[in-house]
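The values are calculated or read from the model by the stated rules, or taken from the named source; none is laboratory data. What you see is a predicted model, and the numbers here were worked out from it, not measured in a lab. Reconstructed Cβ throughout: ideal geometry from the backbone, glycine too, with neighbour counts over all protein chains shown. Only protein heavy atoms, including side chains, enter the accessible area calculation; ligands, DNA and RNA are left aside. Shrake-Rupley method; radii C 1.70, N 1.55, O 1.52, S 1.80 Å.
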Amino acid sequence: MLINWAAPRHVYIVCRKTDLRKGIDGLALIVEENYGLQLDNNSLFLFCGSRTDRFKGLYWDGEGFILLYRRFENGNLHWPQHRNDAVSLTPYQIKQLLQGIAPLPIKRVKPAIKGTIY
C-alpha cells in the first residue's frame, strides 16, 4: 500500500528513541500528547527504537490506522537522536533516511578562538 513513501501529504519523523513495543494506540497517543499533531490529515508518522535497523510507521487511511513495520537485513538508519521533536520530511529526506543517510543536519557549535573576546 505505501510503497511510495512520498504519497502521504506529510511524513513526520519522531526524533529520539521510541518504545517499539507500542502498538497503534500507544503510538497515536505519543503523537497527540507530545507533539500536538493531527493523526487524520493524510500524515505518516515514523518511529525508531534503540535498534536502528528497524522502524515503525503509523498512517490513517481514512477508514482506520495502518501500522507499518520495516526491518533492514543489511544496514541501518541514521535516525536523529539529537532532537526531541517531530519533524516533517521532504521526499528527498525520506529517500536519504531509507538509504542510511542522516535526513536532518546535526547542528554543531564552533569552538571559540583563543584570545577572542565577545
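Give the residues of segment 57-72 that are in a strand (DSSP E or B) and either open to solvent by 40 Å² or more (accessible area, probe 1.4 Å) or over 16 Å from Glu32 (Cβ atoms) (or both), sorted by residue number.
To start, the set of residues in segment 57-72 that are in a strand (DSSP E or B) comprises 57-60, 65-71.
Result: Gly57, Trp60, Phe65, Ile66, Leu67, Leu68, Tyr69, Arg70, Arg71.
For segment 39-55, how many residues meet the condition of being at pLDDT 85 or above and open to solvent by 70 Å² or more (accessible area, probe 1.4 Å)?
Going through segment 39-55 one residue at a time, the tally reaches 2.
Looking at Leu58, Leu97 in this structure, which one is on the phi < 0 side of the Ramachandran plot and at pLDDT 90 or above?
Numbers: Leu97 fails: at pLDDT 90 or above.
None of the others qualify; the one that does is Leu58.
Working only within segment 29-56, note down all residues that are of a type in the set (Lys, Arg) and within 12 Å of the chain's Cα centre (by Cα). So that I can check it myself, show each step before the final result.
Narrowing segment 29-56 to residues of a type in the set (Lys, Arg): 51, 54, 56.
Arg54, Lys56 - these are the residues of segment 29-56 that are of a type in the set (Lys, Arg) and within 12 Å of the chain's Cα centre (by Cα).
For segment 18-38, give me each residue that is open to solvent by less than 60 Å² (accessible area, probe 1.4 Å), without any contact (Cβ under 8 Å) to a residue 24 or more places away in the chain and part of a loop (DSSP other than H, G, I, E, B).
Listed by number, the list holds a single entry, Gly36.
Would you check which residues across segment 39-56 are in a loop (DSSP other than H, G, I, E, B) and closer than 21 Å to Asn74 by Cα and list them?
Filtering segment 39-56 for residues in a loop (DSSP other than H, G, I, E, B) gives 39-42, 49-53.
Hits for segment 39-56 are Gly49, Ser50, Arg51, Thr52, Asp53.
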